[in-house]
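The values are calculated or read from the model by the stated rules, or taken from the named source; none is laboratory data. Keep in mind it's a predicted model, so treat the numbers as computed, not measured. With ideal geometry, Cβ positions are generated from the backbone for all residues, glycine too; neighbour counts draw on all protein chains shown. Remember, those area values only see protein heavy atoms, side chains included, never the ligands or the DNA or RNA. Shrake-Rupley method; radii C 1.70, N 1.55, O 1.52, S 1.80 Å.
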Amino acid sequence: MPFHKSLIARLFITISCLLCCGADTVRAQNGLTQVFLTRDLDGGIDRLTFVDLISGETQTHDADGERYLLLNDAVLYFDRPTRRAMLVDADGRSAPHPFIQPRAATRRIDWLLSPDRARIVWTTTDAVSTGLTTTTEIANIDGTGRRLIFADAPREGVRAFPVALLDSRLIMDYQPDTLGDLTPFRQYASLFSVDLTTGDREPLPDEPGCFCGAGVSGRLFARMALASERPGYEIRLIDLITGARQTIPPPSLDSYTQGGDVLIAPDQSRLVYALAQVRNFGAPTQTVQTVIMLVDLTTGQQRPLTEPLAALMRPLMWLDDAILFTMPAGGATWRLDLSDGRLHPIASAVYLGTLSG
């Protein structure tokens with residue numbers, strides 16, 4: 001069992017902060033299912049666990065997979081043994097995705113969902129004799145309106161990667177192939193935007209930058225950058241419509257040199273990111289300490305939300321007064337209260353979200 005049954009009620013209360021009154025309450029009464037991921041069980045197999053919030057009943061599905069994405073009524077993932085994109089519903093039943101699948105030359109598929117969960121974008125990376133090509137398509141979640149929005153010429157060892165889907169454009173990144181899978185946090189090298197109507201491409205302001213963290217929400221572009229005056233990461237904020245800029249200086253944490261997983265609050269007044277200190281990397285004596293940083297975009301200041309923890313921590317999502325984060329090594333989900341920095345265990349698996357379909 002990838003979580004403690006005694007924590008189901010606590011988890012329900014915590015995640016219910018995401019639900020508003022009215023329509024969401026009605027949906028909850030009709031039945032919502034929360035989804036958890038436990039990685040690397042016996043034989044390296046992952047387990048998806050579906051928890052019915054009304055009955056408490058659970059269903060599980062074991063998979064040798066990667067790139068798990070929560071849709072409205074199923075979980076999408078890439079199945080390594082069959083090299084197929086698979087869907088798993090709340091009953092644990094699986095089937096190939098009806099329109100997202102690799103080709104013979106495909107190296108990988110990356111996908112993301114629009115904020116309203118109505119559209120999906122996927123980028124297919126193929127290996128050809130001259131390098132790597134990427135094609136990016138978009139469709140409504142039911143497969144209607146499918147069309148190609150971006151096709152890139154072959155590049156040696158570099159692929160395009162989808163980052164954020166906005167109303168009228170897609171944010172993407174050029175990065176060395178496989179590098180993003182090796183870094184502890186999500187980071188970007190050369191961010192650019194693609195117009196969803198015309199297909200026109202242009203770099204985001206000041207790109208390419210360092211291979212550092214970034215986030216895009218609405219018109220706000222937040223970019224981590226190595227500070228010039230003292231060690232650490234400054235946060236550069238750019239309004240993608242007006243071009244207005246703000247730079248927030250780095251914190252006084254000189255030995256913390258790995259950062260990323262930028263997560264912008266829904267009201268765009270704050271953001272968080274993970275900042276880590278890694279010593280003796282790759283050696284048996286390797287140690288990791290992580291803090292979650294809070295950046296107030298109104299006051300222009302950033303500060304640690306937590307004391308250093310001896311584990312890798314990655315932010316998952318915002319709640320009204322807290323954030324959820326995971327510790328990948330242990331596969332647990334925690335709640336971090338913004339008011340006092342207290343940590344609360346939520347589940348012994350990674351929380352993926354709630355199926356509403």
*Can you work out the accessible area per residue across segment 293-346, with the rest of the protein chains kept in place, probe 1.4 Å, in square angstrom?*
46 Å²
*Quick one: if you take sqrt(5λ) for each eigenvalue of the C-alpha gyration tensor of segment 216-348, what semi-axes come out, biggest first, whole angstrom?*
25, 19, 12
*Along the charge dipole of the chain, which of 242, 217, 58 sits closest to the positive end, that is, farthest toward it, with unit charges on the beta carbon of Lys, Arg, Asp and Glu (+1, +1, -1, -1)?*
58
*In segment 261-357, what percent of the accessible surface is made up of carbon and sulfur (1.4 Å probe, ligands and nucleic acids excluded)?*
51 percent
*Charge context of residue 336, other residues only, Cβ under 11 angstrom, K/R +1, D/E -1*: -1
*Alpha carbons only, please: Rg and Dmax for segment 246-316, in angstrom.*
13.0, 43
*asked:* If amide hydrogens are placed 1.01 Å from N in the peptide plane, which non-local residues have theirs closer than 5 Å to the one on residue 107?
replied: 125, 126, 127
_Rounded to the nearest percent, how much of the accessible area of segment 52-180 (1.4 Å probe, protein heavy atoms only) is carbon and sulfur?_
50 percent
*With all pairs of different alpha carbon atoms counted, what Kirkwood hydrodynamic radius in Å does segment 138-295 show?*
17.1 Å
*How large is Rg over Rh for the chain, taking Rg from the Cα atoms and Rh as the Kirkwood inverse mean of 1/r across Cα pairs?*
0.94
*Got a sec to turn the phi values of segment 261-270 into Karplus ³J(HN,Hα) couplings, 6.51 cos²θ - 1.76 cosθ + 1.60 with θ = phi - 60°, whole Hz, x for Gly and Pro?*
6, 5, 10, 8, 5, x, 8, 6, 9, 8
_Which trypsin sites (Lys or Arg not before Pro) in segment 54-131 sit in a loop by DSSP (not H, G, I, E or B) and have at most 13 other Cβ atoms within 10 Å of their own Cβ?_
83, 93, 103
*For the chain, what is the relative contact order in percent, using Cα pairs closer than 8 Å and at least 6 residues apart in sequence?*
12 percent
*Using unit Cβ charges (K, R positive; D, E negative) and no other charged atoms, how large, in debye to the nearest 20, is the dipole of segment 87-135 about its Cα centre?*
120 debye
_segment 56-139 - accessible surface per residue (Å², probe 1.4 Å)_ = 42 Å²
*Scanning the chain for chymotrypsin sites (Phe, Trp or Tyr not before Pro) in DSSP loops with at most 14 other Cβ atoms within 10 Å, what's the longest stretch left with none?*
100-280
_Full-stretch length increase - residue 226, residue 62 - with 0.36 nm per residue and alpha-carbon distance subtracted_ = 54.9 nm
*Helix-only [θ]222 nm of the chain, DSSP H runs n ≥ 4, -39500 (n - 2.57) each, per residue, nearest 500*: -1500 deg cm²/dmol
*Over all alpha-carbon pairs of segment 110-179, lay out the pair-distance distribution in 10 Å bins, whole %, shortest bin first.*
21, 51, 24, 5
*To one decimal place, what orientation-averaged projected area in nm² is obtained for the convex hull of the Cα set of segment 122-220?*
6.9 nm²
